[in-house]
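This report refers to the structure that appears directly beneath it.
The values are calculated or read from the model by the stated rules, or taken from the named source; none is laboratory data. Note that the coordinates shown come from a computational prediction; the quantities given were computed from them, not determined experimentally. A quick note on method: Cβ atoms are made from the backbone with ideal geometry, for glycine too, and the neighbour counts reach across all protein chains shown. What goes into the accessible areas is simple: the full protein's heavy atoms, side chains included, and nothing from ligands, DNA or RNA. Shrake-Rupley method; radii C 1.70, N 1.55, O 1.52, S 1.80 Å.
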Amino acid sequence: MTHAMLKGSNVPLDAMAVRAVLHWTPGPGVPDVDASALLLGAGGRVRSDEDFVFYNQPRHPSGLVRRLPKKQVGEALTDTVEADLTGLDPSVDQVVLAASSDGASFQHVDDLRILLYDAGSADGEPLAAFEVRPETGEENAIICGELYRRGDGWKFRAVGQGYPTGLVGLATAFGISVDDSEQPGESDEAGSSADAPTSLIPVPDLAAAAAPAAPPAPELPPAQPAAPPAYGYPQPALPAAPPPYGYPQPVSAPRPGYGYPQPALAAAPAPDPNFRLPPMGPQFLRQ
């Protein structure tokens, strides 16, 4: 019996290995869709970048979560993530199942849904089905559902939470380190994911690293400040340099002497023989 899921609803799982199948119909203007999975530990975050399974890293190192090749089913396309829940490390609390669109938002994908199958039954009916609808139409990555531990078993919850920042925004929200120059939102060709590199971090350019470093440029002396321009013509004469200090001193004109004897003055004209001083008061009058 297939459980038709509503957003936010959950259902217990009897199967311990499941296949989560994204199902949509391609056509003009319909972007390609890629499935991915994140293995989350305590706190709802990945334990390392290896816990992100997507088209450039289609297999978890444990081999228990893997992305299968896309298939054409009638007029529809499918992309599948398979998870062996019984073998997962106890530190894994959740497996987030997500979809990302390449080239356009999910408003152009009319019939996206996720179907959950028992991996041990090749032709069985889906255990659960959830019609995924974008909330705003701007989403280009959506968490379709999540597998999570409940006691000794597992449950599946229908989520339908969108991200307008694409697979990069979704991955970084769960702790994945993504280099901006190698954004995982750019999908490769269908069916080529098995040959894609399994790292989110770009490989350094070894040829560039081995190239000899260019010699450092010679250090130039500091520029001397230019003399300020002269204004007006003619320019005033610069003051004479101050007299030197020390010995011998330059010869200078003699200064006038102070005290006695004073230097002789030039000869004065001869006195008048008829000159007489005037009387200086009655006490000087003759009687």
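Residue check, GLY151 against (1) small (Gly, Ala, Ser); (2) in contact with a strand residue (DSSP E or B) (Cβ under 7 Å, 6 or more places away or on another chain); (3) open to solvent by 60 Å² or more (accessible area, probe 1.4 Å), all met but one. Which one?
(2)
Of all the residues that make up segment 94-140, how many are over 15 Å from ASP34 (Cα atoms), open to solvent by 60 Å² or more (accessible area, probe 1.4 Å) and in a loop (DSSP other than H, G, I, E, B)?
Qualifying residue count for the region: 9.
Given the structure, is GLY43 closer than 18 Å to ILE143 by Cα and open to solvent by 30 Å² or more (accessible area, probe 1.4 Å)?
yes
Output the residue which, of all residues in segment 14-29 that are surrounded by fewer than 19 Cβ atoms within 10 Å (Cβ to Cβ) and either under 24 Å from PRO58 (Cβ atoms) or small (Gly, Ala, Ser) (or both), is nearest to the chain's Cα centre (by Cα).
Top of the filtered list is GLY29.
For segment 17-57, give me the residue count where each residue is touching a strand residue (DSSP E or B) at 6+ places or on another chain (Cβ under 8 Å) and either free of Cβ contacts under 8 Å to residues at least 24 places away in the same chain or over 12 Å from LEU116 (Cα atoms) (or both).
Residues in segment 17-57 being touching a strand residue (DSSP E or B) at 6+ places or on another chain (Cβ under 8 Å) and either free of Cβ contacts under 8 Å to residues at least 24 places away in the same chain or over 12 Å from LEU116 (Cα atoms) (or both): 23 in total.
Going residue by residue through segment 66-85, is there one that turns out to be in a loop (DSSP other than H, G, I, E, B) and among the hydroxyl-bearing types (Ser, Thr, Tyr)?
No, because not a single residue in segment 66-85 is in a loop (DSSP other than H, G, I, E, B) and among the hydroxyl-bearing types (Ser, Thr, Tyr).
Give the number of residues within segment 60-83 that are within 15 Å of SER36 (Cα to Cα) and surrounded by 16 or more Cβ atoms within 10 Å (Cβ to Cβ).
Number of matching residues: 13.
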